[in-house]
1. What's the local net charge at Asn295, with K and R +1, D and E -1, over the other residues with C-beta under 14 Å away?
2. Rounded to whole Å, give me the distance from the Cα center of region 241-257 to that of region 19-45.
3. What residues have an amide H closer than 5 Å to that of Val329, excluding those fewer than 5 places away on the same chain, when H is modeled at 1.01 Å from N in the peptide plane?
4. Just the number, please: percent antiparallel of the DSSP beta bridges in region 2-234, rounded to the nearest 5.
5. Count neighbours as other Cβ atoms within 10 Å of each site's Cβ, and list the trypsin sites (Lys or Arg not before Pro) in region 220-309 that are DSSP loop with at most 12 such neighbours.
6. Can you list the residues, at least 5 places off or on another chain, whose amide H is less than 5 Å from the amide H of Ile5, using H built in the peptide plane?
7. On each of the three principal axes of the Cα atoms of region 242-342, give max minus min coordinate, whole Å, ordered largest first.
8. How high is the relative contact order of the chain? Use alpha-carbon pairs under 8 Å, at least six apart in sequence, and give a whole percent.
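We did not get these values from a lab; they are worked out from the coordinates using the rules stated. Computed from a predicted model, the values in this text were never measured in an experiment. Methodologically, a virtual Cβ is constructed for each residue, glycine included, from the backbone with ideal geometry; neighbour enumeration extends over all protein chains shown.
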Amino acid sequence: MKGLILSGGHGARLRPITYSQQKQLIPIANKPILFYCIEDLINAGIHDIAIVVGPNKEQVIDTVRSAQWDAAIEFVHQDAPRGLAHAVKIAEKFLEDEKFIMYLGDNLLKGGITGFVNDFIDADVESSLLLTRVENPHQYGVALVDEQKKVIVKLMEKPRNPPSNLSIVGIYGLTPSIFEAIERIKPSWRGELEITDALHWLIEKGYSIRYDLVEGWWKDTGKPEDLLEANRLILDGICSENKGCIENSRINGRIVIGDNTVIEEHSTIAGPAIIGDNCTISSAYVGPFTSIGNNCRIIDTEVENSIVLDGSDIVHGGKIIESLIGKEVRIRKNNSLPKGKKLVVGDNSEIEL
């Protein structure tokens, strides 16, 4: 069985971070989201993987190739966001005439997909979907199911009046029949080929689509608050590891500290938290559920429940909470008079002062 990971799209809801990097490469607990997806497929026994790339394709390719994988990985370019079904269509040559797993590259799933994959291999169905119950089903693809037969009877993409609260998780078991279904559908009002429309075409033709319910948690990391929650969930399961140097400082809880990182000058690190390689934490407080990337400096600053990406430098930054701070960011205290706020803010940003 092969795997197909989707790592395209513009990530508009995560701007301005995604102006300079692909959303699937944003790190959760200091690991790109995309890497969790690749590992999940490999752990389920899938070692032949294609990744659909779009904007920032070189960035995605270089990042994936920088790591060692127990899998053959190739890349398929999608020239523009034309829908999930279009991504499947352009990967048909790679997928060939066999079952495959499609995995949306901005999804995180506790517990992995091994059970789901094994059930799909053994099932005599045209497709299998993972579903989960959500509070806001109108924001997702929604499934109406027959619980006795454990099959899906209807699929809708972001319906105004959802018939159920069962949302489609971004992991699909598919067979070659999906290619005929994609040829039969038309673009939606969004101008995209929707995978839900293709799957519903299969249902209308009498094919069986089974489902499993997610056990544990699932996160679609499409917004900053989703990234922070995913970071909390991942950090909640870490084990302590210290490769750095701790001088006159206090460590509480489960902490991961990288190579050549120095914690000094009466700093406090409260876990769960992770601090990358070559960092300096001085006279600072790093609070629970915080990820600090590589080559960062945090000096005379409090950071809590936040994600700080590689190369950022925060000095006399006051108290920073529930924040997503990009790469190579510089934050300084300004004591000059007259007092005022001097801001350079990207599109679609939200600031509270």
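1. Numbers: positive: Arg297, Lys327, Arg330; negative: Asp259, Asp277, Asp310, Asp313, Glu328.
Result for the local shell: -2.
2. Region 241-257 and region 19-45 have Cα centres separated by 26 Å.
3. The answer is Ser312, Asp313.
4. Numbers: 23 of 45 bridges.
Bridges in region 2-234 that DSSP calls antiparallel: roughly 50 percent.
5. Numbers: sites: Arg232, Lys243, Arg250, Arg254, Arg297; in loops: Lys243, Arg254.
Those satisfying the criteria are Lys243.
6. Here the answer is Ala50, Ile51, Val52, Tyr103, since their amide H atoms fall under 5 Å of that of Ile5.
7. 44, 25, 21
8. Numbers: 807 pairs, mean separation 46.7, N = 353.
RCO, the chain: 13 percent.
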